[in-house]
1. Please identify the pairs in which a residue from segment A:236-250 that is surrounded by fewer than 21 Cβ atoms within 10 Å (Cβ to Cβ) has its Cβ atom under 8 Å from the Cβ atom of a residue that is among the basic types (Lys, Arg) and not in a loop (DSSP other than H, G, I, E, B), counting only partners at least 6 apart or on another chain.
2. Quick one: A:Val265 ticks every box in (1) surrounded by fewer than 18 Cβ atoms within 10 Å (Cβ to Cβ); (2) modelled with pLDDT under 95 except a single one, so which number is it?
3. Filter segment A:33-74 down to the residues that are over 23 Å from A:Ser241 (Cα atoms), among the aliphatic types (A, V, I, L, M) and either buried (at least 22 other Cβ atoms within 10 Å of the Cβ) or not assigned by TED's automatic domain parsing to the domain that holds A:Arg117 (or both) and list them by number.
4. Search segment A:146-169 for residues being aliphatic (A, V, I, L, M) and assigned to a strand (DSSP E or B), and hand back the single one that is farthest from A:Gln64 (Cα to Cα).
5. Output the residues belonging to segment A:243-264 that are more than 10 Å from every other protein chain (Cβ to nearest Cβ), in contact with a Leu (Cβ under 6 Å, 6 or more places away or on another chain) and assigned to a loop (DSSP other than H, G, I, E, B).
6. I'd like the residue in segment A:288-322 that is surrounded by fewer than 17 Cβ atoms within 10 Å (Cβ to Cβ) and facing chain B (nearest Cβ under 9 Å) and, out of all such residues, is nearest to A:Ala344 (Cα to Cα).
7. Kindly check whether there is at least one residue in segment B:342-358 that is assigned to a helix (DSSP H, G or I) and touching a Ser or Thr at 6+ places or on another chain (Cβ under 9 Å).
8. Could you tell me which residue of segment A:158-211 is surrounded by the most Cβ atoms within 10 Å (Cβ to Cβ), considering only residues that are closer than 23 Å to A:Ala95 by Cα and of a type in the set (D, E, K, R)?
Number of protein chains: 2
Amino acid sequence: MSAQIFFSRRIRKTPFEDRVHENGAKGFTVYNQLPLAALYHSLEEDYWHLREHVQLWDVHCEQQVEVRGPDALRLVELCTPREIAGCAVGQCIYAPLCDEHGGIVNDPLILRLAEDRFWISIADSGVMLWMKGLAVGLGLDVEVFEPFVGPCALQGPKADMVLQQVVDIDVSSIKFFRFVELELAGTPVVIGRSGWSGQGGFEIYLQDPARGLDLWDLLFEAGRPHEIRAGCPNLIERIESGLLSYGNDMTLENNIFECGLDRFVKLGKRAEYLSRTALDDVAAKGADIDLVRVEFDGDKAPGLRSTWTIRSADQPVGFITSATWSPRFETNIGLASVSIEHAAIGQTLNILVGGETSPRSAIVVEQWPS
Amino acid sequence: MSAQIFFSRRIRKTPFEDRVHENGAKGFTVYNQLPLAALYHSLEEDYWHLREHVQLWDVHCEQQVEVRGPDALRLVELCTPREIAGCAVGQCIYAPLCDEHGGIVNDPLILRLAEDRFWISIADSGVMLWMKGLAVGLGLDVEVFEPFVGPCALQGPKADMVLQQVVDIDVSSIKFFRFVELELAGTPVVIGRSGWSGQGGFEIYLQDPARGLDLWDLLFEAGRPHEIRAGCPNLIERIESGLLSYGNDMTLENNIFECGLDRFVKLGKRAEYLSRTALDDVAAKGADIDLVRVEFDGDKAPGLRSTWTIRSADQPVGFITSATWSPRFETNIGLASVSIEHAAIGQTLNILVGGETSPRSAIVVEQWPS
């Protein structure tokens, strides 16, 4: 199943992409019609480096959807069961978007740039057309569009030290899920303490795509004393950190309660939202399935192309949504969607790993140490 | 820029995919969160084979969006300036979808399965969420969803002979852009005379994903006497045939008149449609740019990663959107978006091919022989 990736104009080019290639990215995926590196050296080497040092990531594929105008807050509120009204300007909030059936449309970070202006920093699904369709249908006074703004990210324990070398402000003053606006490499950027790893760091949203390589070079040079490398979201690290991936661990077929995201629902929130009735119903009855962490035996798990069936007493009770070998715990780890009666911590299960005929034994665990 | 493609569950698996790998696809792209092979042997070898014989393509990535219910026709009409009312059950129609600004959202084939039931067979953009957003916003009585139905395609001059071996009906009775429903390999399919090549053939929509390999094998066996191969949409062939690619040759930034698609606008159509005012305005003023065919000099054109600037008298007047070397015409050919005053047939232009510093000379041509 080894094959080359083919790019064309349809897979849009990122402002940082030349450096990604120059730094030797070996593998790519496509995310929001944009390329996303998946591998530089090896999953394990990239993983250890991310945990110990600092990496610069091209995550322009976290395409922004800008929502702006008098009805901007109303539209954003409509799309999520989280309460957005309390999100201050300069703050960001992780807010799953849910459709009228409670299904998850996307699970973005939302940045509030002004009272009436938001960036929805999206996972891999067509949020712009969804929100624009709603706005047009409802006749809202709002613009919904994709500015060609996307972040690069500094991730890893040395991220603060690197960023401190290129900004005049005290970077420790940027609190978690807050952002500041300033200039870097002569171009306006938004810098937020956020990112798709559990190792800490920043996302830096470039507002002038023509200056992408300048921004990259500035950050990379600042990182040299700290052993910076080009990097990318790492499968091992994100599973260990319990970061869910839209499309892998949840889809439009799942409601939010089925994905262990209960804490991001504010039932009875004041503003109108599309999923109110559907989610109230699920909350009243309880979800039938849950997304849990599992460890499982045997050789290093292969790449997961589609879900792997989970059984209990020979009955199918769910499936693995993401999995990897953890070099730190020296076992296979994964995320699994299982029926609620098999979701308790300590539950033993059997997994049919892709292509294998005899099942491996698995156990539901609480979480992995950070 | 050579790198591997990484798959996960997020890039959904197609029902035919195992055969695509077994037949040695060397390159892939991602289209609607689904894999699409881009290359088997070489672009040129694949091209000649497609023109002379017959190929079986996995084009499941032409994800269907099903629109069903009392307001189905109203919703479909709303999305396009083509008139849909006259499309009969059993017929399909190429109908660009346009937003409220006249921008092209997608350029699908629409199949009318029943008076109140359509499949939108989409190019690469999030049509399901767009149409669903509109429907929810407008409170329409309609369901909009993605059935896991996708076509494989038989394309090439011998396609009729191959299909005739596996169906009881006379395949010549299936007229262009008409479809029939029947059973193949024990599963219901929809077979339409359509497809993304100029070589003729069929798209075969599988309604039970579990039977994909059976369907593939049935068609492949029937094709053996006709030198069938696994294949894929071919860059050379589709440019020679003047088939536009959404995301490459047109985007949401383009209105339909800018893409040479004027004939698919029915100004003043009876039903309500979102883009009426915007397109009426463009039609009254005339479009500023047009999409044209060009031939250009020099060595074989490299792969196009992003647009190449076109100049006339040292002024930028447009850009190349798709390009390839044509082994048949022994010249480079491409599609170009140029300002209207430089769009006439016979116009000479200069192209800055990616990475090169001296421009190549180009000419706008009418069309290439089929």
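The values are calculated or read from the model by the stated rules, or taken from the named source; none is laboratory data. Bear in mind that the values here come from a model prediction, so they are computed numbers and not experimental data. Neighbour counts are summed over all protein chains in view; Cβ atoms, including those assigned to glycine, are modelled from backbone coordinates with ideal geometry.
1. Cβ pairs passing all conditions: A:Gly242/A:Arg293.
2. Answer for A:Val265: the failing condition is (1).
3. Across segment A:33-74, the qualifying residues are A:Leu34, A:Val65, A:Val67, A:Ala72.
4. Out of the qualifying residues, it is A:Leu154.
5. A:Gly260
6. A:Ser306
7. yes
8. A:Glu203
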